[in-house]
Amino acid sequence: MKVLKIVEGTIVDGPGLRTTVYFAGCNHHCHGCHNPQSWDPENGRDMSVDEIFDIIEYNGFDVTFSGGEPLMQIENGLLELAGKIKKLGKSIWCYTGYTIEEIKQSHQLNPVLNVVDVLVDGPFVESLKDLSLCFRGSSNQRIINLKESE
């Protein structure tokens, strides 16, 4: 998997202390993105599922997948990593530029909805930027608790 960085003990990517994995590679290229270096997958370093998991397990925090676009890693081990995290009893938030409707319609992306607890969906839209919003950058983005909507 291509990883830009892993931030241990952050409070900005979901409630409580979390370990956030910033994945490299993004196909959305949102205008005004706060992390444009994440667009190029080559800006990340290769890490195995076990390497990432060991860091998460050591910290013992809930987890956030961010990026870049985490769902670009779905065929590289994202689902396996999420499954291991769930066995630890940790919650997973996932930030994605896709909407939940797009994910539901995609056979490739849809399985992520079974392993993620909270999805923050939609591309960042600079004209809808709102600094007063909690855990999202623009008002079109939604915080969707997937476990409550089952």
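The values are calculated or read from the model by the stated rules, or taken from the named source; none is laboratory data. Please read these numbers as outputs of a predicted model, since none were measured by experiment. Neighbour counts are summed over all protein chains in view; Cβ atoms, including those assigned to glycine, are modelled from backbone coordinates with ideal geometry. Please note that ligands, DNA and RNA were not included when accessible areas were found on the heavy atoms of the full protein model with its side chains. Shrake-Rupley method; radii C 1.70, N 1.55, O 1.52, S 1.80 Å.
Tabulated data
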quantity	calculated
Residues of the chain: accessible area per residue with a 1.4 Å probe, Å²	51 Å²
Estimated distance in nm for a label pair at L113 and N145, the labels positioned 7 Å out from Cα along Cα-to-Cβ	1.9 nm
In Å², nearest 10: area of E101 left accessible to a 1.4 Å probe	90 Å²
Area of E8 that stays accessible when all protein chains are in place (1.4 Å probe, Å², to 10)	100 Å²
Rg [Å, one decimal], Dmax [Å, integer] - the range 21-150, C-alpha atoms	14.2, 40
L88-E102 pseudo-label distance in nm [points 7 Å out on the Cα-to-Cβ vector]	2.9 nm
Solvent-accessible area of W93 with every protein chain in place, 1.4 Å probe, in Å² to the nearest 10	20 Å²
Candidate residues K87, K129, K2: accessible-area rank, largest first, probe 1.4 Å	K87, K129, K2
Residue-by-residue Karplus 3J(HN,Hα) for the range 75-91, coefficients 6.51, -1.76, 1.60, Hz, glycine and proline x	8, 9, x, 4, 5, 4, 4, 4, x, 5, 5, 4, 5, 7, x, 8, 7
For a label point 7 Å along the Cα-to-beta-carbon line of V7, residues of the range 50-88 with backbone N under 14 Å	63-68
Chain lengthening between D54 and C134 when straightened (0.36 nm per residue, less Cα-Cα)	25.9 nm
Sulfur and carbon atoms: percent of accessible area, the chain [1.4 Å]	50 percent
Value of Rg/Rh across the range 58-129 [Cα atoms, Kirkwood radius]	0.98
